[in-house]
Each structure stands twice: as structure tokens, then as C-alpha cells.
Amino acid sequence: MTRSPICIFALLLAAGIARSSTGQQSNAKPPVKGMASTVGLYVYPEKQQGATQQLTDEQQCYGDAKTRSGYDPDATTTGAKTQDQKAGNDHGAAKGAATGAVIAGATGGDAGAGAARGAIVGGVRARRKEKKQEEQAQKQTDAAKTQQQQNQDNFKRAMTACLIARGYSVK
């Protein structure tokens, strides 16, 4: 019998704790996820702006930043097209073999040996050309990435300035 009052007391205590924690959760405001979060900005109201007002301000500042920076983060970008250069090696070797055979035949040498030497030289030239093209393509890709990053940074600065002017803290 002494166990029943203790169990009842424990149940009432647990129910009271659960009720009070539920009440505290309903008072907490959930974080607002707006346009700023899509570009990696964290926005906090400093002048008691409501969630609806914050979303409206973020949307307007997002549009303003697009206009001022000339950059649209939502626009899809297309990657640089890469070409399969492996077929070029065979072509270079074949071209070198033909040249080597002609030169060897014209000078009275063994056309087969000239073709073999020409194939080696042609293959080396083709690989050098391919490597140079790959390096150039990589430089262009890096330059495009750098430009895109600069555009994103300009967009973020414009959006941050707009939101700060409307009374928000932006990180």
C-alpha cells in the first residue's frame, strides 16, 4: 500500500514536467528559412521583425542584390564541354608513321623502320599537344570558377547591405 502513493506521486510529477516542457517549446520561435539561407547567409532580426516581415525583406533584398550585382544564384550554369582526346593519339601516330615511311622510302632506307620511328615521334607530338590542350582547358575552368565565386561574393555583399539597412544582423 505504501508503494501506490509513491507511484501516483511520481506519475503526477512526470506529467507536470512534461506539461511544462511542452509549454516552453510552444513559446520558442522556430528559425526562419528564407532566401538568404539559399546563399549561405544567416539573418537575425534586431528590431523585433516578425517571421513574415523577415521573409518579405529577404525576398526584396534578394531581388535587389540580383539587380545590383548582375548575378543570379538561381541561374543554372553549364559546365565546360570536354572532348575525348584519346583518338588524337592514334591519328598522330598514324600520321607520323606515314611521314616516316615516305621519308625513309625517298632516301633509300627501310620504309618499315621509318614508319616505326615516325609513329613514335607522331605519338609523342600528339600527347604533347593533348597535354597542352588539357592544361589550357583547366586554366579556363579555374578562371570561370574564380569569376563565379567573385560574382557570388558580390551578390552576398549586396544582399547583406540591404538586410542590414532594414534592421537585421547578417552573418
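The values are calculated or read from the model by the stated rules, or taken from the named source; none is laboratory data. Note that the structure is a prediction, hence the values are computed from the model and not measured. Please note: Cβ atoms are built from the backbone with ideal geometry, for glycine as well, and neighbour counts cover all protein chains shown.
Numerical summary
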{"quantity": "Single condition Val124 does not satisfy, out of (1) among the aliphatic types (A, V, I, L, M); (2) surrounded by 13 or more Cβ atoms within 10 Å (Cβ to Cβ); (3) farther than 30 Å from His91 by Cα", "calculated": "(3)"}
{"quantity": "Yes/no for Ala97 being hydrophobic (A, V, I, L, M, F, W, C), closer than 23 Å to Ala126 by Cβ, assigned to a helix (DSSP H, G or I) and modelled with pLDDT of 60 or more", "calculated": "yes"}
{"quantity": "Conditions (1) within 30 Å of Gly50 (Cβ to Cβ); (2) modelled with pLDDT under 80; number of the one not met by Thr77", "calculated": "(1)"}
{"quantity": "Selected residue [at pLDDT 90 or above and within 27 Å of Tyr62 (Cβ to Cβ)] from Gln149, Gln133", "calculated": "Gln149"}
{"quantity": "Members of segment 43-78 found to be farther than 13 Å from Lys156 by Cβ and of a type in the set (Val, Ile, Thr), listed by number", "calculated": "Thr52, Thr56, Thr67, Thr76, Thr77, Thr78"}
{"quantity": "Test set (1) surrounded by 13 or more Cβ atoms within 10 Å (Cβ to Cβ); (2) within 30 Å of Cys61 (Cβ to Cβ); (3) of a type in the set (Gly, Ala, Ser); (4) over 26 Å from the mean Cα position of the chain (by Cα) - Ala165 fails condition number", "calculated": "(1)"}
